[in-house]
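J.: Sending over a structure as structure tokens; questions will come in a sec.
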Amino acid sequence: MLLDDRNERSKRRRDLSNHVVTRVYRPPEIILTEAHYGPKLDLWSLGCILVELIQCSDEYNTSSKANHNRYLFKGTSCYPLSPQLDESKVDYQEGVPMEETDLLRLILNVLGEQNSKDLSFITKKHYKNHVRRNNPNLPKIKFDQEFKKSSTDIPKIIESLLEFNPEFRQSAGELLKLPIFDSIRRQSREVPASVKLEFDYDRAGVFDYENFEYSDNNSESLARLLHSEISNFREHQP
């Protein structure tokens, strides 16, 4: 539905870019080009980085190996964002085959078969079918066995962060309540902001996010906006 009123249009959720997040830290909602995502995206990436840190520790003795080996999901392609296939040979009615090192395949091999609740966040039917066709008949790996040299809390944290469905991932606030953080947490300093920050560049009408399409014709206007924002920021620095 087209909304003529600018204020009403500004209240709608904007379609966000899916060209975000380094591939090895990219969550399923980005891989499957969901137009709306939130902070749970970063929590997936945090889980990947936590595994990477563990893999680099002396206990797991992988730091001397090739850098790429420290990643949990070592994808070299990521359909549909960056596939490595000859699309002229693909029969889309039969489905798009996953490559062995496709990021989504590697994620499914670790997290195992996903049920209808796990896939409930996917809004595009063809991508939901794509996951179903390639759903492995495998159980989720046992993180406590994979990382048995670590504190017992660490595998639980990793598992709670690496949920296929973003709605099932624990929030940062929930994670902070775990006993592993008791010795370093200072709750007296965890004071929520009393007001919501508002930025000039995000006011309704300042920039048309919905209709913006990058091209040589409008790249100059975008550059001017960036220059103006940076200049304004520098002017207000102490």
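Just so it is clear, none of the values below were taken in a lab; they were calculated from the coordinates. What you see is a predicted model; the values in this text were computed from it and never measured. Cβ atoms come from the backbone with ideal geometry, glycine included; neighbour counts cover every protein chain shown.
J.: For the range 23-185, with the dipole built from +1 on Lys and Arg beta-carbon atoms and -1 on Asp and Glu ones, taken about the Cα centre, which of Leu41, Ser77, Leu178 lies farthest toward the positive end?
T.: Leu178
J.: For the range 23-185, give the magnitude of the charge dipole about the Cα centre (Cβ charges: +1 Lys/Arg, -1 Asp/Glu; no others), in debye to the nearest 20.
T.: For the range 23-185, the charge dipole is close to 140 debye.
J.: Pairs of alpha-carbon atoms within less than 8 angstrom and 6+ residues apart define the contacts here; what relative contact order does the range 23-185 have, in percent?
T.: After rounding, I find 26 percent.
J.: Right, here's the next one. Want the number for Phe168 to Glu52: 0.36 nm per residue separation, take away the alpha-carbon distance, what's left?
T.: Value of the extension gain: 39.6 nm.
J.: Moving on to the next point. Quick check for me: using +1 on Lys/Arg Cβ and -1 on Asp/Glu Cβ, what's the dipole size of the range 100-144 about its Cα centre, in debye to the nearest 20?
T.: 280
J.: Suppose each label sits 7 Å from its Cα in the direction of the beta carbon; what would the Leu81-Glu59 distance come out to in nanometres?
T.: Computed distance between label sites Leu81 and Glu59 equals 3.0 nm.
J.: I've got another one for you. What FRET efficiency comes out for Ser183 versus Asn109 if R0 is 41 angstrom and r is the Cβ-Cβ distance? Round to the nearest 0.05.
T.: According to the calculation, E is roughly 0.70.
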